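The structure appears below as structure tokens.
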Amino acid sequence: MKKSQIPVAILVRVSTAKQETARQISELRQYADGKGYEVIEVCQETISGSAEDHERDGLRRAEQLARDCKIKKVLVHEISRIARRNSVAHRFVETLEDCNVSLYWHAQSIETLLPNGKRNPAAGIMLALLAEMARNESETLRERIKSGLVLARKRGVVLGRRKGTTLTRDQFLQKHKDILRQLKAGQSVRNVAKIVGKGISTVQRVKAALTA
């Protein structure tokens, strides 16, 4: 009798629409195929790793699959793909564990649950360390950007949009026709951002301009 495959979900995240998820998905699919897992769904997000829980559609979808007992594992490329906030990463892992679902991250080839279903102590320690490193990396990047802007101002560099180039309301809406079309179709702000590959704040500005 053929042994049934273990159902898994792949979770991938990038911060901007300019980044690609193809490499993450390809490597995780290859790993799943090698283990004989069945990939039930690929949960994709284009959002900052510092986003709040309620903004993370990919995480929420993976959690729902776990609660519905449709998967036994979630595969991610590295911890920073889950979040760059310790609280978000730990809550996600705890939710999976409550559903007896293991998290596997490819960079260190480690899982949060052992084959017997018990928590993996080594994974817990590594998760805490890597989540903290991801948070520090994010903070360091923000500080570098802030420092660079201060230095640019001291050198007389004019930041932001050039004077005289501010768009009118109609020009702004014309520029974001894709967003406008989705909003008029009744899509939520979060869904529109995901569909068109633009930031939630941009979608919110278009929505505000539309109702002005």
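Pairs spanning more than 30 Å between alpha-carbon atoms, out of K72/K198; K35/K198; K70/K194: K72/K198; K35/K198.
A straight chain from Q19 to Q171 at 0.36 nm per residue would run longer than the Cα-Cα distance by 52.0 nm. Projecting the Cα atoms of I71, Q30, A83 onto the charge dipole of region 1-105 (Cβ charges, centred on the Cα centre) puts Q30 farthest toward the positive pole.
Each of K184 and H90 was given a label point 7 Å from its Cα along the Cα-to-Cβ line. The distance between the two points is 4.8 nm. Using Cα centres only, tell me the gap between region 13-60 and region 104-118 in whole Å. A separation of 17 Å, based on Cα centres.
No value in this document is a laboratory result; all are computed from the given coordinates. Please read these numbers as outputs of a predicted model, since none were measured by experiment. Positions of Cβ are generated from backbone atoms using ideal geometry, with glycine treated the same way; all protein chains shown enter the neighbour counts.
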